[in-house]
Amino acid sequence: MPYIEVRGVDHYYQWITESGDECPSGKPVMVFLHGWAGSARYWESTAQALVDSFDCLLYDLRGFGRTRLPKVSSLIELTYELESYAEDLDTLLTLLNLQRIYLNAHSTGASIATFFLNLYPQRVERAILTCMGIFEYDEKSFKAFHKFGGYVVKFRPTWLLHVPFLDHLFMARFLRRSLTGTYRNRAFLEDFLMADYEAALGTIYTSVSKRAAEVLPQEFVKLQVPTLLISGEHDKIIPPEMGRQAAVLNPKVEFWMMPDTAHFPMLEDPETYLQQIRQFLGKLQQVS
């Protein structure tokens, strides 16, 4: 498995290409960012469907999936702020000699991508943000969420993988439709149990916070990169209204609500998802 050191942390990454080679072929590059406590694994089927047009780069965010945090702290002081993860991506692209990319990001990964689009707009041709939006700060509910999240992150024994049907219960809140591809409920549970404690807890506090509620709307206003924001109609994690509220802040952001899906529309209805993003990318290519 290929790894590359990014700011003192060995990051897992992989290329998905039409030829199957583990290196880019020269096509435009699309980079995928996964969400909280997930991994790049759930983007593989989407990437495979796009290899006719793109060389696809997938990687696991710092502290998640196969990107393990070092037991000894690196010389670089890293935080779990969303901007810090955006800086990780910038460094990764530099190390891989990638100048300009297309970006496809999901959930917390899409929040990271939003900061990346404003910090490094020269690096991105077009962006697709799936299942994200802006929200209002509510001190009481945020404190309750952080407390509950702390318990969830702290108590994750690996024997949970062996509890019958627990993976289905774990994913019930995230899905409207059953998954039919190769990435199934068990893989999501595996990724959740694998996530580093500090990274999982740290990103809960930074992604759902008073600061995030105040700053993310400003980030949407500043966007200069043409962006498609996709929400799942029945998403309970990030309801589509949050995405719609974000999109209206900037004419460069196109909003689309995907029917009969929830928090993983790219896996729940991959055909419709791919049709929509191809239409978005094709429309922009005609304009340029």
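Structural remarks
- Averaging 1/r across all pairs of distinct Cα atoms in the range 194-288 and inverting the result yields a Kirkwood radius of 15.0 Å.
- Full extension of the chain between E83 and T272 yields a length gain of 64.9 nm, computed as 0.36 nm times the residue separation minus the alpha carbon distance.
- C-alpha center-to-center spacing [the range 24-54, the range 115-190] in angstrom: 18 Å
- GNM top mover of K71, K252, K27 - the chain, alpha-carbon springs below 10 Å: K71
- Net charge, H146 excluded, C-beta distance under 15 Å - Lys, Arg +1, Asp, Glu -1: +3
- The chain shape via C-alpha gyration tensor axes, a/c threshold 1.5: rounded
- Take the chain and mark each of the chymotrypsin sites (Phe, Trp or Tyr not before Pro) that is in a DSSP loop with at most 12 other Cβ atoms within 10 Å; the longest unmarked stretch, sites excluded, is 1-154.
- For the range 100-189, fraction of C-alpha pairs farther apart than 14 Å, in %: 77 percent
- Residues considered: L160, L189, L33. Largest GNM mean-square fluctuation over the chain, using C-alpha springs under 10 Å, is found at L160.
- Along the axis of the charge dipole computed for the range 11-116 (Cβ charges of +1 for Lys and Arg, -1 for Asp and Glu, origin at the Cα centre), the listed residues F64, S25, I112 are led at the positive end by F64.
- Residue among C23, C56, C131 with the largest mean-square fluctuation in a Gaussian network model of the chain, springs linking Cα atoms under 10 Å: C23
- The count of lysine pairs in the chain that are at least 8 places apart or cross chains, and whose C-alpha atoms lie under 27 Å apart, stands at 21.
- Ranking K140, K154, K210 from most to least accessible surface, computed with a 1.4 Å probe over the protein chains only, gives K140, K154, K210.
- Loop sites in the range 123-158: GluC sites (Glu not before Pro), DSSP, at most 13 other Cβ within 10 Å: E136
- If the chain linking W159 and R186 were pulled fully straight, counting 0.36 nm for each residue of separation and taking away their Cα-Cα distance, it would gain 8.5 nm.
- Directionally averaged projected area (convex hull, Cα atoms, the range 1-70), nm²: 4.6 nm²
The values are calculated or read from the model by the stated rules, or taken from the named source; none is laboratory data. The shown structure was predicted, so the numbers you read here are calculated from the model rather than taken from an experiment. Cβ coordinates were reconstructed from backbone atoms using ideal geometry, including for glycine residues, and neighbour counts include every protein chain displayed. Calculation scope for accessible area: heavy atoms of the full protein, side chains included, ligands and nucleic acids excluded. Shrake-Rupley method; radii C 1.70, N 1.55, O 1.52, S 1.80 Å.
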